[in-house]
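Enquirer: Take a look at the following structure, please.
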Amino acid sequence: IRRTRSGPYEVLRMCGAGTLHTFVVIWRSVASIAWSVLLLPVTSAVFVLLSRFSLFHPIQWISECTSLLTASSTIFSLVVLCGVVLITGLFNLEFYTLVPSIPCSRMALLGTVLHPRQCVHSLVYCTMGMLVMWCASVTIGGRYSTLGIPCRQSESGEVVTCLNEYHLFLLLAGAFMGYSHSFLGVVQNMYYVSFQPIQQYKYPRFKGCLPMVVKCSVIQSLYSARNFAALYFFFGKIFINLCITLQLYSSLQPLDSLTGLLDFSLLYHLSISGTFLYFTWYLTVLLFRIYVTEAYSFPVQSTFTEDAEQCLPKVLAETNTLVMKFLALQDLALLSQHSLSRRLEVFSLSQPGGHPHNWNAISRECMSLLSELTQRLLAHQDAVASNGRVKSQSAKESNCSRESDFDVSETPRLSVPLRTPGSVFTSSVGGMHSALTAPFTPDVDSPFSSPAIRRLVGQQEPRSPWFGTVQSPHIMRRGPKLWSASTDSSRFTVIPLHGLETPVNSCSCHTLNCSAQVKSFLAKRVLIVYLFNKLPEASSQALFADSQAHIWALQGLSHLVAASFSEDQFGVVQTTLPSILSCLVVLLEAVDRHFKLPHASSKPVRTVCSMGDSTYKTLRFALRAALKTAIYKITTTFGEHLNAVNISTEHRKRLQQFLEFKE
């Protein structure tokens, strides 16, 4: 008996592109683009009604709108808008991310904005903004219809074409709004796609988000219209004189004056055109988010060998495609709470052999994710405790340690598929396989650190009498020191090297003095300090940027363990219960210590209405709540039976706090 296949998945397999990623992501993005194109006539009809609105002539207004909707210019504009929507959907598919990029400083943000890839993105959106505004000006008609208008006759009898500044004003406004959209996409992480904590069907979610999209479009259009009007007032005439050879039409009011810009009709048409432009782009982004984050049900196990790679345990270990891993973890959290039959498949044994392969693979991957987060938090806490000296270690010190027969232990590479953004892990200790970093610690060695921080951490000069561990004024010189990492605790200790004589080179000393003078000079410049100062909450946000996966792992693991109390007929969960409890308690201790750090427990500031998803700013609070909920779920289910579990005394005392509801 062979199972027959049908649908788009079979078509993809016949075309040679039958991967699960292609089936899920590509087809969902195509569906979102298709719905965006289908909604274009509706949004265009609303724009036509608003652009030709006439309060005192309603019958004429409706008749003009009806004839305009069937005109050839409107149909051509719809074709152009379909191309804009298609390019926008392709950019959404190319630039979307599940882990937001969080810059450490304003300089890092500036580097992202000026990246060549981002420059191309901005140029394309400027072009698309001009195209949308051209379609809007043609639809509005009147004095906005064409760029060149006949103004007078020359001596030879030919008609001279003059520049229509109103049409040019709308085109430049479209380019400005396109760049604003591209710029805000970086600043506000507009391409960050977050999964909703409460699952909804596509239509109710779209209907609930539609008022927010309209509100954001109107607000952003008003902001952009205000900024562009001010920019055009100062630089509009300069741009026309430098780039355009046509003569201005003298019969129209010039727009580089207050009387020209304070035209209600001009500002109204600019605002509704900008609203139409932003709404078209925002609607495409919203539909893409809704379709990509839709829950997908993976089979727990498969009878056919060719479908084994599509099963939940295999997809959970996916390292190449992050979106499939997120969808698998989301499916794990849902099945652990709402699907009894699929939970029984997780607890089942393999035939033949009788091994719990499904449970072992799922629990191993979840604990690997949680252990990776624990190690990341501990590394960050050690880096903060070392006052930023992790970052200052150079390759020269590593060579000296090898020559002096000091073993600097390396932290083993964590074989996990998820990675934190590069803004967190800037450098490593003990080799390139190390996970120890110091992302946002007080860098007292930096030229931009304030003297107050140096006094606070007690930084001393190497030639100071109090430099070293012995605070004596009689000891004027100390030997050089090395920082080494301990394998057991991953903490850094100072190793004095006595008897090590280093020849002093006058050229190197001069270079060091010059570099110190340059650092002290730059440290006094206000702009340099403003650009390179680290943002206060960026460290915590970057550490927990991918914590949605950890939240699902906590939910899935805790609900499966709680369900095994009555549903696990073979006792497959009992073998891993001690390691699961220890993993949760160790992570809880690391999270508690992290929230004692500066700026870790501060709430983010509420932003103005925007399409940028800011849920990543509160992921650390959601993770802490999910972690405590997971432990409570297990302790309330097992109760006093946990006393028979073989765990350490410290972990047992911490679990006792949950049993007594004191956490």
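The values are calculated or read from the model by the stated rules, or taken from the named source; none is laboratory data. Bear in mind that the values here come from a model prediction, so they are computed numbers and not experimental data. Glycine gets a Cβ as well: all are built from the backbone with ideal geometry, and neighbour counts include every protein chain shown.
Enquirer: Taking LEU170 and the conditions (1) under 23 Å from LEU131 (Cβ atoms); (2) among the hydrophobic types (A, V, I, L, M, F, W, C); (3) surrounded by fewer than 14 Cβ atoms within 10 Å (Cβ to Cβ), which numbered condition does it fall short on, given that it satisfies the others?
Expert: (3)
Enquirer: Find the residue count for the stretch 605-623, including only residues that are assigned to a helix (DSSP H, G or I) and surrounded by fewer than 19 Cβ atoms within 10 Å (Cβ to Cβ).
Expert: From the stretch 605-623, those assigned to a helix (DSSP H, G or I) are 615-623; that's our starting set.
Keeping just the survivors that are surrounded by fewer than 19 Cβ atoms within 10 Å (Cβ to Cβ) gives 615, 618, 621-622.
Residues that pass the stated criteria total 4.
Enquirer: Now for a different question. Can you report the number of residues in the stretch 254-273 which are surrounded by 13 or more Cβ atoms within 10 Å (Cβ to Cβ) and not in a helix (DSSP H, G or I)?
Expert: 4
Enquirer: Can I ask one more? Can you tell which of SER558, SER566, SER540 is surrounded by fewer than 17 Cβ atoms within 10 Å (Cβ to Cβ), modelled with pLDDT of 80 or more, part of a helix (DSSP H, G or I) and among the hydroxyl-bearing types (Ser, Thr, Tyr)?
Expert: SER566
Enquirer: Then there is this: Quickly run through the stretch 331-362 and pick out the residues that are of a type outside the set (A, V, I, L, M) and either part of a loop (DSSP other than H, G, I, E, B) or outside the structural domain of ALA563 (by TED's automatic domain parsing) (or both).
Expert: Filtering the stretch 331-362 down to residues of a type outside the set (A, V, I, L, M) leaves 331, 336-339, 341-343, 345, 347-348, 350-360.
The answer is SER339, SER348, SER350, GLN351, PRO352, GLY353, GLY354, HIS355, PRO356.
Enquirer: Among the candidates ILE580, ILE551, which residue alone is closer than 18 Å to LEU655 by Cα, within 30 Å of the chain's Cα centre (by Cα) and not in a loop (DSSP other than H, G, I, E, B)? If you could, list the steps in order and put the result at the bottom.
Expert: Working: ILE551 fails: closer than 18 Å to LEU655 by Cα.
That would be ILE580, the only listed residue that is closer than 18 Å to LEU655 by Cα, within 30 Å of the chain's Cα centre (by Cα) and not in a loop (DSSP other than H, G, I, E, B).
Enquirer: Kindly list the number of the only condition in (1) touching a residue at least 60 places away in the same chain (Cβ under 8 Å); (2) assigned to a helix (DSSP H, G or I) that fails for VAL572.
Expert: Here VAL572 clears every test but (2).
Enquirer: Restricting to the stretch 63-111, give me the number of residues that are assigned to a helix (DSSP H, G or I) and in contact (Cβ under 8 Å) with a residue 60 or more places away in the chain.
Expert: Let us first name the residues in the stretch 63-111 that are assigned to a helix (DSSP H, G or I), namely 63-69, 72-95, 106-111.
If we keep only those that are in contact (Cβ under 8 Å) with a residue 60 or more places away in the chain too, we end up with 68, 73-74, 77, 81, 84-85, 88-89, 92-93, 95, 106-110.
Final tally of qualifying residues: 17.
Enquirer: Would you mind finding the one in SER401, SER392 that is polar (S, T, N, Q), assigned to a helix (DSSP H, G or I) and either surrounded by fewer than 19 Cβ atoms within 10 Å (Cβ to Cβ) or modelled with pLDDT under 90 (or both)?
Expert: It is SER401.
Enquirer: Same structure again: Would you check which residues across the stretch 219-275 are of a type in the set (Phe, Trp, Tyr) and touching a residue at least 60 places away in the same chain (Cβ under 8 Å) and list them?
Expert: Initial filter on the stretch 219-275 (of a type in the set (Phe, Trp, Tyr)): 223, 228, 232-235, 239, 249, 264, 268.
Within the stretch 219-275, TYR232, PHE239, TYR249 qualify.
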